[in-house]
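Heads up, the thing below is written out as structure tokens.
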Amino acid sequence: MFRNLKIGCYVLLSILAVAPTTGRASAQETQAKERVVLVHGLGRTRSSMWLLSARLEDAGYEVFRIGYHSLRDDPETIRKDVARQIDACCANYAGVTHFVGHSLGGLVIRAYLDQTKPANLGRVVLLGTPSDGTKVVDNLKEYPWFRWLGPTTLSLGTDISQYPDGEQKPDYSLGVIAGLSGPISRLNDPLLPGDDDGLVSVESTKIEGMKDFLVVQSSHAGLRYSKGVAEQVICFLRTESFYRPEAQGNATNLKFEWEYF
């Protein structure tokens, strides 16, 4: 009897000795996990970023997808809405918080970071973001049907009133990826001259002060689904630079550019 009691006590003490240590390790792992805030583009919802979100999670990041009403609200309303959501998820987070935005989402992120800096701001990656506007808006904004797309859409032209108003030169680690859609970028020259991803020119995505810049073979929408682009995003978040596979012409030749799934 006493032998069984001694064995039972030994097992119980062993469990109690191990349990607190395991709990502390788990808390440290959760604390150390880096977060990524994902922001979608014009006319989309947070669900449009699901594949990029899944790939970032597979790489070990905790991901928060932010949604907003891009076709209804004006830029300032969007900024406040997005700021509220980001503050709710990350304002008091002790770990590193990165940001990744597609298209208009990149401008929304820049507008937020112009006014608010998380305590442990990590790195920022913009995908096909029209930082200098797009001539597509310049050429279509006078058509009544185009004006139905809302005030934020109309603010994406190349004149001085472009969104976001009064944007600052980034004082954080910023990487920019632009898409080059090949033949499509020639067919749409009347609306958008030069190299582009179908909606945004390569030149328009460049930002003074960015840490790294990469052009890949991709359509505008394809940037958020491309496996290769996701790998480049992860590379920048980890190393503050993109990697360069074999290049062809003006764009990096990602062999996996259309391997969306």
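Numerical summary
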| read-out | value |
| --- | --- |
| Candidates Gly198, Gly157, Gly182, filtered to the one that is small (Gly, Ala, Ser), in a loop (DSSP other than H, G, I, E, B) and surrounded by fewer than 20 Cβ atoms within 10 Å (Cβ to Cβ) | Gly182 |
| Residue within the stretch 104-115 that is open to solvent by 30 Å² or more (accessible area, probe 1.4 Å) and either modelled with pLDDT under 95 or within 19 Å of the chain's Cα centre (by Cα) (or both) present | yes |
| Qualifying residue in the stretch 78-95 (condition: free of Cβ contacts under 8 Å to residues at least 60 places away in the same chain, polar (S, T, N, Q), out of contact with any helix residue (DSSP H, G or I) (no Cβ under 6 Å at 6 or more places or on another chain) and closer than 28 Å to Gly228 by Cα) | no |
| Pair list, Cβ under 6 Å, 6 or more apart: the stretch 116-138 residue assigned to a strand (DSSP E or B), other residue of a type in the set (Gly, Ala, Ser) and modelled with pLDDT of 95 or more | Arg123/Ser173; Val125/Gly175; Leu126/Gly101; Leu126/Gly106 |
| Qualifying residue in the stretch 52-68 (condition: of a type outside the set (S, T, N, Q), modelled with pLDDT under 95 and surrounded by fewer than 22 Cβ atoms within 10 Å (Cβ to Cβ)) | no |
| Residue, modelled with the lowest pLDDT, within the stretch 84-103, restricted to residues that are of a type in the set (Gly, Ala, Ser) and more than 19 Å from Gly43 (Cα to Cα) | Ala91 |
| The listed residue being of a type in the set (S, T, N, Q) and in a loop (DSSP other than H, G, I, E, B), out of Ser47, Ser70 | Ser70 |
| Failed item in (1) open to solvent by less than 70 Å² (accessible area, probe 1.4 Å); (2) part of a helix (DSSP H, G or I); (3) modelled with pLDDT of 50 or more, with Ala27 passing the rest | (3) |
| Residue within the stretch 220-228 that is of a type outside the set (Lys, Arg), at pLDDT 95 or above and assigned to a strand (DSSP E or B) present | no |
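The values are calculated or read from the model by the stated rules, or taken from the named source; none is laboratory data. Computed from a prediction, not measured in an experiment: that's the story for all the values here. Neighbour counts run over all protein chains shown; Cβ positions are idealised from the backbone, glycine included. SASA here: full protein model, heavy atoms, side chains in, ligands and nucleic acids out. Shrake-Rupley method; radii C 1.70, N 1.55, O 1.52, S 1.80 Å.
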